[in-house]
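Working notes for the structure below.
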Amino acid sequence: MGDIVIRFVVGGVFVSAFALIGSVLKPKSFAGLFGAAPSVALASLALTISKDGNAYAAAEARSMIAGAAALLVYCALVIVLLKRTRCHTLAATLFAVVVWFGVAFAIWGALLK
Amino acid sequence: MGIKFHLDALKTTKWWEHLIRFVFGGAITVIAGIIAKKYGPGVGGLFLAFPAIFPASATMLERHEQEEKEEKGVAPGRRGCDAAALDARGATMGSIALILFAALVWRLLPNHSAWIVVEAGVLWLAVSVALWLLRKYRHRLVGSFWHDSSSNIS
């Protein structure tokens, strides 16, 4: 239980910090860089290294390549949905999450499994 | 428009918006850890790049943009969605740098100290900013390249 609480707090702090930086930057496209910051990764990898070692964390980072590639597709899809359709932001960003799952697992299954 | 710090944005951010980001960030870090424990680091690692707070952040940005326009007496129209799309455009460049971050940690971490993760984070920032600048000034860069080339030919 203690491990979960530590993970929750560390993850929350890292994500909030990067989101805060993004929220005070202009222009918006530059601030958007921080929407793909390695906030969860930094928190998670730091905790994993301390508990399971470097090799285990490196294995996570290997799969993260597929997750990050899926995030690229996710962002591109969100832009298309918002600019080309009359889709609302919440609907577009939530629908794209389904696509993130598909792309991430497809890349991982095809190249990294 | 150059890169600027806009600290006034902090005043318009509600406390519960910070809380939502904290909770979503904490939750995905816990979930990634649980999945890694149950299904192995291969599956768990995917979630290190999960867009956990993206929907919430984009929706908040849309709302802020709409409120700002309404305060100025301008009909918001699709401006909120346009702002969210601009934010996503930045995130595409951040994602490319994130792929590089993950690849670097994967290749170097087994033979280096944990600090390599922090160094990869700095590299993420440098590559993200470089990509953003390249995109912003691409016309100027291409223009000067053509100008220089034609000068050399003549």
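The values are calculated or read from the model by the stated rules, or taken from the named source; none is laboratory data. Because the structure is predicted, anything quoted here is derived from the model rather than measured. In this analysis, Cβ positions are derived from the backbone assuming ideal geometry, glycine residues included, and neighbour counts consider all displayed protein chains.
Being of a type in the set (Lys, Arg), surrounded by fewer than 24 Cβ atoms within 10 Å (Cβ to Cβ) and more than 20 Å from A:Phe101 (Cβ to Cβ) is the filter here; which residues of the range B:18-70 pass it? First the steps, then the outcome.
The first filter runs over the range B:18-70 and keeps only residues of a type in the set (Lys, Arg), leaving B:21, B:37-38, B:63, B:69.
Okay, now just the ones that are also surrounded by fewer than 24 Cβ atoms within 10 Å (Cβ to Cβ), so B:37-38, B:63, B:69.
Of everything in the range B:18-70, those that are of a type in the set (Lys, Arg), surrounded by fewer than 24 Cβ atoms within 10 Å (Cβ to Cβ) and more than 20 Å from A:Phe101 (Cβ to Cβ) turn out to be B:Arg63, B:Lys69.
Residues checked against (1) at the interface with another protein chain (Cβ under 7 Å from one of its Cβ atoms); (2) aromatic (Phe, Trp, Tyr); (3) more than 21 Å from B:Val105 (Cβ to Cβ):
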site	(1), (2), (3)
A:Val9	yes, no, yes
A:Ser23	yes, no, yes
A:Tyr74	yes, yes, no
A:Ile79	yes, no, yes
A:Arg84	no, no, yes
A:Cys87	no, no, yes
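Return the residue satisfying two criteria in turn: it lies in the range B:84-105 and is surrounded by fewer than 23 Cβ atoms within 10 Å (Cβ to Cβ) and out of contact with any Ser or Thr (no Cβ under 9 Å at 6 or more places or on another chain), and of such residues it is nearest to B:His64 (Cα to Cα).
Checking each candidate, the answer is B:Ile99.
Can you tell me which residue among A:Leu82, A:Leu90 is in a helix (DSSP H, G or I), surrounded by fewer than 20 Cβ atoms within 10 Å (Cβ to Cβ) and at pLDDT below 95?
Working: A:Leu82 fails: surrounded by fewer than 20 Cβ atoms within 10 Å (Cβ to Cβ).
So the residue among A:Leu82, A:Leu90 that is in a helix (DSSP H, G or I), surrounded by fewer than 20 Cβ atoms within 10 Å (Cβ to Cβ) and at pLDDT below 95 is A:Leu90.
Just the residues that are over 16 Å from A:Gly35 (Cβ atoms), touching a Phe, Trp or Tyr at 6+ places or on another chain (Cβ under 7 Å) and within 7 Å of chain A (Cβ to nearest Cβ), please, taken from the range B:28-37. Write out each step before concluding.
Within the range B:28-37, the first condition is being over 16 Å from A:Gly35 (Cβ atoms), and the residues that meet it are B:29-37.
Right, trim to touching a Phe, Trp or Tyr at 6+ places or on another chain (Cβ under 7 Å) and you get B:29-32, B:35.
The answer is B:Thr29, B:Val30, B:Ala32.
Tally time: how many residues in the range B:65-91 are more than 21 Å from A:Thr85 (Cα to Cα) and either under 22 Å from the mean Cα position of the chain (by Cα) or part of a helix (DSSP H, G or I) (or both)? Please lay out each step first, then the result.
Filtering the range B:65-91 down to residues more than 21 Å from A:Thr85 (Cα to Cα) leaves B:67-74.
Narrowing further to those that are either under 22 Å from the mean Cα position of the chain (by Cα) or part of a helix (DSSP H, G or I) (or both): B:67-71.
The number of residues fulfilling the criteria is 5.
May I ask you to say which residue of B:Leu134, B:Leu100, B:Leu104, B:Leu109 is in a helix (DSSP H, G or I) and more than 21 Å from B:Gly42 (Cβ to Cβ)?
Working: B:Leu100 fails: more than 21 Å from B:Gly42 (Cβ to Cβ); B:Leu104 fails: more than 21 Å from B:Gly42 (Cβ to Cβ); B:Leu109 fails: more than 21 Å from B:Gly42 (Cβ to Cβ).
Of B:Leu134, B:Leu100, B:Leu104, B:Leu109, the one residue that is in a helix (DSSP H, G or I) and more than 21 Å from B:Gly42 (Cβ to Cβ) is B:Leu134.
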